[in-house]
1. Just to check I understand the Karplus step: with θ = phi - 60° and J = 6.51 cos²θ - 1.76 cosθ + 1.60, what whole-Hz values come out for region 39-52, glycine and proline as x?
2. Say a paramagnetic label sat at a point 7 Å from the Cα of Phe54, along Cα to Cβ; which residues of region 12-48 have their backbone N under 14 Å from it?
3. Cα centroid distance between region 1-61 and region 79-94, in Å?
4. Taking the Cα centre of region 12-125 as origin, work out the dipole magnitude from +1 charges on Lys and Arg Cβ and -1 charges on Asp and Glu Cβ, in debye rounded to 20.
5. Helix 74-97 against the longest principal axis of the chain: what's the angle in degrees, Cα atoms only, rounded to the nearest 10?
6. If the cut-off is 16 Å between C-alpha atoms, which aspartates and glutamates fall inside it for Lys42, apart from same-chain ones fewer than 8 positions away?
7. Under 20 Å between alpha carbons, and skipping anything fewer than 8 positions from Lys105 in its own chain: which aspartates and glutamates qualify?
8. Output the direction-averaged projected area (hull surface divided by four) of the convex hull of the alpha-carbon atoms of the chain, in nm².
Amino acid sequence: MTQQQSARPSPAFVGASWSAMIVGILAYLAGLWNASMQLNEKGYYLTILLYGCFAAVSLQKTLRDRAENLPVTGLYVGLCWTSLSAALGLLTVGLWNAALMPSEKGFYAMSYVLTLFAIVAVQKNVRDLAAANAAPVASQA
């Protein structure tokens, strides 16, 4: 078994990752809740958050599968990159054209990026912990 497969993330890193993800999501959602924009605009920004989170997790898992020599098609990897790029592009275009103050635009951008980064770290931790917990069972068999 390689060191990469059995590496267990520290509880501090796991906690920091989950905290960053929760803070990012809650900040973004609180901004939407308190925003004075139409409901369809709020739905647009909420959908972009959900789409971006899914795309980031899917890309992280796909790249990790490839690194571990698990079968992943090039088409799927391309779709993951395209989805993440589309989510970031849609947020950028939406904020660029939004009738918001620059500080509000920056707030949404920063909470979005924090959420995407943190959700990738959480996914990595979940997978590392699952592998670490499965390692002793596999070695006893």
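1. 4, 5, 5, 4, x, 4, 5, 5, 4, 5, 4, 5, 5, x
2. Residues passing the 14 Å test: 46-48.
3. Each part's Cα centre sits 15 Å from the other's.
4. The calculation lands at about 140 debye.
5. Tilt of helix 74-97: around 30 degrees.
6. Answer for Lys42, where 16 Å is the Cα cut-off: Glu104, listed by chain and number.
7. Glu41
8. On the way: hull surface 40.2 nm².
Taking a quarter of the hull surface, the average projection is 10.1 nm².
Every read-out reported here was derived from the displayed coordinates using simple, explicitly stated rules and does not represent laboratory data. Note that the structure is a prediction, hence the values are computed from the model and not measured. All Cβ positions, even for glycine, are placed from backbone atoms using ideal geometry, and neighbour counts span all protein chains on display.
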